[in-house]
2 protein chains.
Amino acid sequence: MDGKPYIAQRPKRADGRRNYDAILAAARKAFESAGADASLEDIASQAGVAIGTLYRHFPTRASLVEAATRDGLENLVAHAERLTAGPDPLGALVAWMREAVVHFSTFRGLVGILAQSMYDEGTPSHTMCSAMHRSGADLLRAAQAAGRVRPDLTPDELFDLLSGAAWVREQATPDRDGSARFLELVLEGITTRD
Amino acid sequence: MDGKPYIAQRPKRADGRRNYDAILAAARKAFESAGADASLEDIASQAGVAIGTLYRHFPTRASLVEAATRDGLENLVAHAERLTAGPDPLGALVAWMREAVVHFSTFRGLVGILAQSMYDEGTPSHTMCSAMHRSGADLLRAAQAAGRVRPDLTPDELFDLLSGAAWVREQATPDRDGSARFLELVLEGITTRD
DNA sequence: ATTTAACCTGAGGCGACCTCAGGATGTCAA
DNA sequence: TTGACATCCTGAGGTCGCCTCAGGTTAAAT
């Protein structure tokens, strides 16, 4: 039905690159303070650019979100690769899960977009989500092979748990952030008894 | 600063009541199919009423959501009271949790509103949320007293877990609903070892 | 029948989204 | 240096949803 999902790529011309970067910086700031549904017109004007220019580089809101979060998620995947095949599979999985929850809740509304993208190809973030899925699955498999995590837990279920934790974190206020405890309780449920 | 939160109450005049009910019915339908951010103008026109009439009865979206979900949540609270002091505290808690997750995810976006209302007085749904909080806390306390649930779990944490499960359910597609498994894993984490 | 408080209407201002025709400009090759 | 052109930028304007309010209508009480 549709073509491949649009992935924003840095433009060739100097002014294009400048504006692309300015928009991305403004978007990161705006998303962080106003959530994923921040005003695109605000972002454009904050970047010192007309609204049409923003749409030129990022035809959809999802493509802008993808570009704004790509680096962080790439780091997450890279970190997973560094952790894989370490001496402590359970510790690696747990550390990675904690980190993932933080990245998933970079700003309000992100985790919903990622959860959507995880199983919906044709979404800008789908590529990165798939990579994360693989990373998480690898770490999970290793921890299961070591007998430290219940063997019937699937990667999909792992991501449901991570997403839930990230969502709770998203809802948190400065005085009330239950996400750390949330993850702790979840870990209690998925690790095997000593 | 502000007065008490607005709680929609059925109006006195016959035409007022008629419209109030029609709006509520239209809202329930719209929320179910389009989520909590359904168009209020659509709801009004679906109810055969001008937009001003909708705003007369429900000055804010939150007040309409509250009215649309009050019955269901009242049932949930009533059910909790029926379950309290039964012979099987853990079974009661688990049954109630399952039911709560279903109610929290009646439509897309609801659980976020409820999570917000839980700790924010001055919100239409706060009253009902507090009642639920008490209900859940009672069931939790009973299960803990029976030694079936870890004693360090607080009601706030219980609601974080429930909200997380409901959010996962909200994201689910017909072919992929991990919320039941989510709850199962969570229960594994909060129940005491046999 | 009169009165009146409750109720209803819908035009209109606002902000956000998104498109597109027309103009500006960097880049590259000659 | 100078075209030539593809890339890029602009911002007016159509659409939609939110919300208000001045003016008209009506149920219900006396």
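Points to keep in mind about this one:
- The number of residues in the range B:108-127 that are open to solvent by 10 Å² or more (accessible area, probe 1.4 Å) and among the hydroxyl-bearing types (Ser, Thr, Tyr) comes to 3.
- Which numbered condition B:Lys29 fails, given (1) within 16 Å of DNA strand D (Cβ to nearest atom); (2) touching an Asp or Glu at 6+ places or on another chain (Cβ under 6 Å): (2)
- Exactly one residue out of A:Leu187, A:Leu153, A:Leu139, A:Leu161 is in contact with a helix residue (DSSP H, G or I) (Cβ under 7 Å, 6 or more places away or on another chain), more than 9 Å from chain B (Cβ to nearest Cβ) and in contact (Cβ under 8 Å) with a residue 12 or more places away in the chain, and it is A:Leu139.
- The listed residue being more than 8 Å from DNA strand D (Cβ to nearest atom), small (Gly, Ala, Ser) and on the phi < 0 side of the Ramachandran plot, out of A:Ala8, A:Ala44, A:Ala50: A:Ala8
- For the range A:1-12, the set of residues classified as away from DNA strand C (no atom under 11 Å from the Cβ) and either in contact (Cβ under 8 Å) with a residue 24 or more places away in the chain or surrounded by 14 or more Cβ atoms within 10 Å (Cβ to Cβ) (or both) consists of A:Asp2, A:Lys4, A:Pro5, A:Tyr6, A:Ile7, A:Ala8, listed by residue number.
- Residue count for the range B:170-181, restricted to those that are within 10 Å of another protein chain (Cβ to nearest Cβ) and in a helix (DSSP H, G or I): 4.
- Any pair with Cβ under 8 angstrom, 6 or more apart, that starts in the range A:72-94 at a residue that is touching a residue at least 60 places away in the same chain (Cβ under 8 Å) and ends at one that is surrounded by fewer than 17 Cβ atoms within 10 Å (Cβ to Cβ): A:Leu90/A:Ala146
- Members of the range A:53-73 that are within 11 Å of DNA strand D (Cβ to nearest atom) and open to solvent by 10 Å² or more (accessible area, probe 1.4 Å): A:Thr53, A:Tyr55, A:Arg56, A:His57
- Residues satisfying the stated conditions in the range A:13-48, i.e. open to solvent by less than 20 Å² (accessible area, probe 1.4 Å), touching a residue at least 40 places away in the same chain (Cβ under 8 Å) and within 8 Å of DNA strand C (Cβ to nearest atom): A:Gly16
- Residue identified as closer than 30 Å to A:Phe58 by Cα, surrounded by fewer than 17 Cβ atoms within 10 Å (Cβ to Cβ) and modelled with pLDDT of 95 or more among A:Ser135, A:Ser130, A:Ser163, A:Ser105: A:Ser130
- Residue within the range B:61-75 that is over 22 Å from A:Gly164 (Cα atoms) and among the hydroxyl-bearing types (Ser, Thr, Tyr) present: yes
- Residue list for the range A:91-107, filter: charged (D, E, K, R) and more than 16 Å from A:Arg70 (Cα to Cα): A:Arg98
- For the range B:49-62, a residue qualifies if it is hydroxyl-bearing (Ser, Thr, Tyr) and near DNA strand C (Cβ under 10 Å from one of its atoms), and the qualifying residues are B:Thr53, B:Tyr55.
The values are calculated or read from the model by the stated rules, or taken from the named source; none is laboratory data. Here the structure is a predicted model, which is why all the values come from computation and not from measurement. In this analysis, Cβ positions are derived from the backbone assuming ideal geometry, glycine residues included, and neighbour counts consider all displayed protein chains. Remember, those area values only see protein heavy atoms, side chains included, never the ligands or the DNA or RNA. Shrake-Rupley method; radii C 1.70, N 1.55, O 1.52, S 1.80 Å.
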